[in-house]
Structure formats: C-alpha cells, structure tokens
1. Which of the following residues is under 24 Å from Y6 (Cα atoms), loosely packed, with under 14 Cβ neighbours inside 10 Å and at pLDDT 75 or above: N88, N116?
2. Output the residue which, of all residues in the stretch 1-26 that are open to solvent by less than 40 Å² (accessible area, probe 1.4 Å) and of a type outside the set (G, A, S), is modelled with the lowest pLDDT.
3. Among the numbered conditions (1) modelled with pLDDT under 75; (2) open to solvent by less than 90 Å² (accessible area, probe 1.4 Å); (3) hydroxyl-bearing (S, T, Y), tell me where S33 comes up short.
4. Can you name the number of the only condition in (1) at pLDDT 80 or above; (2) surrounded by 10 or more Cβ atoms within 10 Å (Cβ to Cβ) that L108 fails?
5. How many residues does the stretch 54-65 contain that are assigned to a loop (DSSP other than H, G, I, E, B) and either touching a strand residue (DSSP E or B) at 6+ places or on another chain (Cβ under 8 Å) or surrounded by fewer than 10 Cβ atoms within 10 Å (Cβ to Cβ) (or both)?
6. With (1) within 14 Å of the chain's Cα centre (by Cα); (2) modelled with pLDDT under 85; (3) not polar (S, T, N, Q) as the list, and R66 as the residue in question, which single condition is left unmet?
7. Cβ-Cβ distance below 8 Å, separation of 6 or more or different chains: which pairs start in the stretch 2-20 with a residue that is without any contact (Cβ under 8 Å) to a residue 24 or more places away in the chain and under 18 Å from R83 (Cβ atoms) and end on one that is of a type in the set (A, V, I, L, M) and assigned to a loop (DSSP other than H, G, I, E, B)?
8. List every residue pair whose Cβ atoms lie under 6 Å apart, where the two residues are 6 or more positions apart in sequence or sit on different chains, the first residue falls within the stretch 47-58 and is free of Cβ contacts under 8 Å to residues at least 40 places away in the same chain, and the second residue, located anywhere, is of a type in the set (A, V, I, L, M).
Amino acid sequence: MFKSYYQQHSLLSSDEIYEGLLSYGMFSDNLPSFLQSVDFFAWCKVQKQDTFQKTETTPVYYESIRNINIPRIITIPNPIAYRNLCFNLKNNWNDILLHFQTYTGVTLPNLRHLINRIKLPD
C-alpha cells in the first residue's frame, strides 16, 4: 500500500532519528572500518551540552589510496558540527512532521498528479 512521506516519517521518533543519523549516517559504507560513528554517539550521550560549541568549522579531509595507486581525497563532516545538525533535527522533529503532514499527507487519488517519473531515453 502507498504511504505518504508523513506516514513513513511519523513511524520514527525524534530519538530514533538522532541515533540513526549520528550513529550510522555520518560515514559512507565505502570508508575504512576505523571510521565508525557508533562510539562517537555513545560519547555524545554522556557529554554536557556546553561541550558542543556552535562555532564555524571546516570538514576533516582524509586521503585514501585507491587500488590503482591514485590518492582519493575523502571529506568527512566535522563531527561536532554534524552532531549539532542531528541534535537540531531531533529538537525540531515535530515541526518537520507537521511540514510533511501539511504538504505530503494527502491520499493517493489527490497525489496522482504529483507523482514524478524518471523518463529514460529510448
């Protein structure tokens, strides 16, 4: 059965969004295994709010060698800035749900004209 964005997102709590994004959404699966954020999430849970200052940050750059001996520069978001972003999403999750309910919480017959399809050339 078809579900709107609101119906899909309302199944998630703000805590699930925060943990999911911070524990598993910070790094690509293609990165080496030492770049994991589950431990960072555990560290964030025990820290005081003052630890996470809202200052301008720069990304962290990591250089990885491809299997053809050419370096690849990988940009990783600053962990504290990424945590602040996830924390703001958690704090505003009800407002985000309200937005989804207002603009996407329509039934399928009313949504049929809004469905986009990707057209591939023949």
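1. Just one listed residue meets the conditions, N88.
2. Restricting to residues being open to solvent by less than 40 Å² (accessible area, probe 1.4 Å) and of a type outside the set (G, A, S), the top hit is M26.
3. (2)
4. Of (1) at pLDDT 80 or above; (2) surrounded by 10 or more Cβ atoms within 10 Å (Cβ to Cβ), only one is false for L108: (1).
5. The qualifying residues number 5.
6. In the conditions (1) within 14 Å of the chain's Cα centre (by Cα); (2) modelled with pLDDT under 85; (3) not polar (S, T, N, Q), R66 misses (1) alone.
7. Final answer for the pair search is G20/L12.
8. That search, which allows pairs on different chains as well, returns F52/I80; T57/A81.
The values are calculated or read from the model by the stated rules, or taken from the named source; none is laboratory data. Just so you know, these numbers come straight off a predicted model, no measurement behind them. A quick note on method: Cβ atoms are made from the backbone with ideal geometry, for glycine too, and the neighbour counts reach across all protein chains shown. With ligands, DNA and RNA removed, areas are computed over all heavy atoms of the protein, side chains included. Shrake-Rupley method; radii C 1.70, N 1.55, O 1.52, S 1.80 Å.
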